[in-house]
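Following: one structure in structure tokens, then a few remarks.
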Amino acid sequence: MTIPLIRIEHASKTFTLPDGGRFDAVRHVSLDVRQGDIFGLIGKSGAGKSTLLRLFNLLERPDAGAITVAGRELTSLSKRDLRDARRNIGMIFQQFNLLQNATVFDNVAFPLRIHGGQKPEQIAARVNQCLELVELGVKADSYPAQLSGGQKQRVAIARALASGPAVLLCDEPTSALDAETTRALLATLRDINHRLGVTIVIVSHELSVLAEICNRVAVIEDGAIAEEFALNEPAGHNAPRKTALGRELAAFNAANTLAGTHREAAHV
Amino acid sequence: MSELLSTLGVSFNAIVAMLPEMGTAVGQTLTMLGIGLSAAVLIGGPLGIVLFLVADGQSLQNRPAALVLGWLVNTVRSFPFIILLVALVPFTRMIAGTSIGPLAAAVPLSFAAIPYFARMVEQNLREVPRGVIEAAHAMGASELQIVLRVLLVEARSGLVLALTVLAISFLSYSAVAGVVGGGGIGDLAIRYGYYRFETDIMVATVAILIIMVQLTQFTGNRIAKRIDKR
């Protein structure tokens with residue numbers, strides 16, 4: 001078996017609350033994500049799924065445990081090496097987090113400029129390539145305030161892909177979008193996974209989102225993985241699910257697959 | 001026009017006679033402001049950035065540094081300007097070589113302007129959404145890159161407005177500098193208008209100050225609006 005692209009080993013993260021109490025956001029989590037996966041993390045709000053995701057690029061440093069991405073163990077890296085390693089890990093957020101005072105072009109150019117070593121022509125070429133990928137080439141000179149939510153998230157995707165990462169982390173990427181925009185955005189993510197081979201880890205509390213694009217999911221409860229299983233695999237349907245969310249997700253997925261078969265049949 | 005002024009008890013001729021001195025005074029005021037604001041931007045600006053970065057929950061969080069810097073800034077800001085002016089005389093002599101004139105007055109003005117602007121910078125940087133800073137970290141930006149390419153870019157229009165407020169406050173502070181022979185328009189208003197009861201000069205100097213304030217605010221607003229794309 002090949003070495004997984006991302007390996008989380010015994011990771012824990014505890015926050016000290018303002019009232020002096022302690023909150024175990026992540027408890028002894030071990031997790032593998034293989035190259036090419038679209039891996040979903042699902043759980044109720046406060047279950048620790050976002051904190052877990054933020055361990056993947058060390059936005060949150062674990063109190064214990066190891067995080068290995070593409071062969072580099074992140075917690076042991078120096079600041080400089082960590083910054084370099086982060087070029088290989090793109091990330092998008094629920095609130096897009098674009099620079100409001102920079103054009104779409106400058107937003108996508110940001111990760112290229114901060115790491116240097118590229119001529120302006122090379123940067124421009126790469127930025128335009130990424131904007132074409134998310135079908136926003138015509139908006140290069142616009143400012144984020146002039147875009148719709150879906151367009152902003154596409155710019156964020158283009159920005160996250162600019163440095164050619166192997167991994168794309170998505171923290172509730174569709175939670176600020178309407179149903180139709182969500183569907184289009186998920187199609188873009190799937191396309192990026194298929195065409196560029198970018199491994200995607202996606203956190204969401206929406207079953208429909210994960211059921212639609214993930215091939216593996218982990219259900220997070222109280223900071224730990226309650227269960228982990230594959231979607232879209234016939235064997236997966238039969239295995240009993242341990243958690244309520246897991247059962248719901250499997251049912252959702254089965255219905256989806258069924259609907260998909262019907263649609264295809266109708267098409268023929 | 002002159003009739004209207006004379007009915008108000010203002011002598012047009014007296015003002016004309018004062019014009020050269022007013023010109024000098026405007027020049028002195030601009031000198032004091034120019035130096036004070038430059039010091040505020042060049043020293044107070046970075047200080048404000050550091051205040052922001054070492055605060056709780058920020059990327060360079062450092063309790064002791066935040067306490068010491070915060071205490072220093074608050075202490076300097078506690079001084080009534082006129083006390084600061086007098087207390088700093090030895091220091092002013094050391095820096096400007098004299099304790100009299102606009103250059104000397106610029107020293108205490110700068111001293112007061114630096115912590116004032118630092119606080120305003122800190123406040124404006126706090127308005128930058130956390131998520132944007134976090135996204136920059138996720139892309140591998142260094143602290144310096146985050147300051148230059150994220151914080152200052154996102155807060156730029158608020159910073160221009162802060163500088164505008166500072167310029168206008170210090171236009172009136174500069175009048176107090178007249179006490180140490182700092183010169184300037186405010187000094188003129190006090191010496192002629194207040195001490196010698198020359199109402200016409202008082203009216204003229206206040207008119208000049210009103211125009212300067214209005215122009216400063218108008219320009220500040222225009223620039224802030226133009227560079228704000230949010």
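The values are calculated or read from the model by the stated rules, or taken from the named source; none is laboratory data. Please read all numbers here as calculations on a predicted model, not as lab measurements. When we count neighbours, we look across all protein chains shown, and the Cβ atoms used for this are built from the backbone with ideal geometry, even at glycine.
Put simply, of A:Ser204, A:Ser208 the only residue that is among the small types (Gly, Ala, Ser), surrounded by 21 or more Cβ atoms within 10 Å (Cβ to Cβ), away from every other protein chain (no Cβ under 14 Å) and under 27 Å from A:Glu221 (Cα atoms) is A:Ser204.
Among the criteria (1) at pLDDT 95 or above; (2) among the aliphatic types (A, V, I, L, M); (3) assigned to a loop (DSSP other than H, G, I, E, B); (4) over 18 Å from the mean Cα position of the chain (by Cα), the one A:Leu58 does not fulfil is (4).
Among the residues of the range A:107-129, is there at least one that is within 13 Å of chain B (Cβ to nearest Cβ), under 25 Å from A:His194 (Cα atoms) and in a loop (DSSP other than H, G, I, E, B)? Checked the range A:107-129: no residue is within 13 Å of chain B (Cβ to nearest Cβ), under 25 Å from A:His194 (Cα atoms) and in a loop (DSSP other than H, G, I, E, B). Filtering the range A:59-85 to residues that are away from chain B (no Cβ under 12 Å) and among the charged types (D, E, K, R) leaves A:Asp63, A:Arg72, A:Glu73. Any residue in the range B:164-172 that is within 14 Å of chain A (Cβ to nearest Cβ), at pLDDT 95 or above, buried (at least 18 other Cβ atoms within 10 Å of the Cβ) and in a helix (DSSP H, G or I)? Scanning the range B:164-172, I find no residue that is within 14 Å of chain A (Cβ to nearest Cβ), at pLDDT 95 or above, buried (at least 18 other Cβ atoms within 10 Å of the Cβ) and in a helix (DSSP H, G or I), so the answer is no. Residue count for the range A:165-179, restricted to those that are out of contact with any Leu (no Cβ under 6 Å at 6 or more places or on another chain) and either of a type in the set (Phe, Trp, Tyr) or without any contact (Cβ under 8 Å) to a residue 40 or more places away in the chain (or both): 3. Taking each residue of the range B:217-230 that is over 15 Å from B:Leu166 (Cβ atoms) and looking for partners that are among the small types (Gly, Ala, Ser) and part of a helix (DSSP H, G or I) with beta-carbon atoms closer than 6 Å, six or more apart or interchain, yields B:Ile227/B:Ser157; B:Asp228/B:Ser157; B:Arg230/A:Ala145. Candidates A:Ala11, A:Ala47, A:Ala25: the one that is over 14 Å from the mean Cα position of the chain (by Cα) and in a loop (DSSP other than H, G, I, E, B) is A:Ala47.
If I ask for residues that are assigned to a helix (DSSP H, G or I) and surrounded by fewer than 14 Cβ atoms within 10 Å (Cβ to Cβ), which ones from the range B:73-85 would you list? Across the range B:73-85, the qualifying residues are B:Asn74, B:Thr75, B:Ser78, B:Ile83. Return yes or no: is B:Val160 under 19 Å from B:Ala39 (Cα atoms) and under 15 Å from the mean Cα position of the chain (by Cα)? In short, yes. Just one of the listed residues (B:Leu60, B:Leu125, B:Leu88) is under 30 Å from A:Ala109 (Cβ atoms), hydrophobic (A, V, I, L, M, F, W, C) and buried (at least 20 other Cβ atoms within 10 Å of the Cβ), and it is B:Leu125.
Among the numbered conditions (1) polar (S, T, N, Q); (2) more than 22 Å from B:Phe117 (Cβ to Cβ); (3) within 17 Å of the chain's Cα centre (by Cα), the only one that B:Ser174 does not meet is (2). Which one is farthest from B:Val213 (Cα to Cα), of the residues in the range B:154-163 that are facing chain A (nearest Cβ under 10 Å) and surrounded by 18 or more Cβ atoms within 10 Å (Cβ to Cβ)? By that ranking, first place goes to B:Glu154.
Would you confirm whether or not the range B:93-108 contains a residue that is surrounded by fewer than 14 Cβ atoms within 10 Å (Cβ to Cβ) and either assigned to a helix (DSSP H, G or I) or of a type in the set (A, V, I, L, M) (or both)? Yes, the range B:93-108 contains a residue that is surrounded by fewer than 14 Cβ atoms within 10 Å (Cβ to Cβ) and either assigned to a helix (DSSP H, G or I) or of a type in the set (A, V, I, L, M) (or both).
Each row is one residue, and each column tells you yes or no for (1) part of a helix (DSSP H, G or I); (2) in contact with a strand residue (DSSP E or B) (Cβ under 7 Å, 6 or more places away or on another chain); (3) hydrophobic (A, V, I, L, M, F, W, C); (4) surrounded by 16 or more Cβ atoms within 10 Å (Cβ to Cβ).
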| residue | (1), (2), (3), (4) |
| --- | --- |
| B:Ser174 | yes, no, no, yes |
| B:Gly182 | no, no, no, yes |
| B:Asp187 | yes, no, no, yes |
| B:Tyr192 | yes, no, no, yes |
| B:Ile201 | yes, no, yes, yes |
| B:Ile208 | yes, no, yes, yes |
| B:Thr216 | yes, no, no, yes |
| B:Ala224 | yes, no, yes, yes |
| B:Arg230 | no, no, no, no |
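As a summary of the residue check, A:Asn88 satisfies the conditions (1) touching a helix residue (DSSP H, G or I) at 6+ places or on another chain (Cβ under 7 Å); (2) under 25 Å from B:Ala136 (Cβ atoms) except for the one numbered (1).
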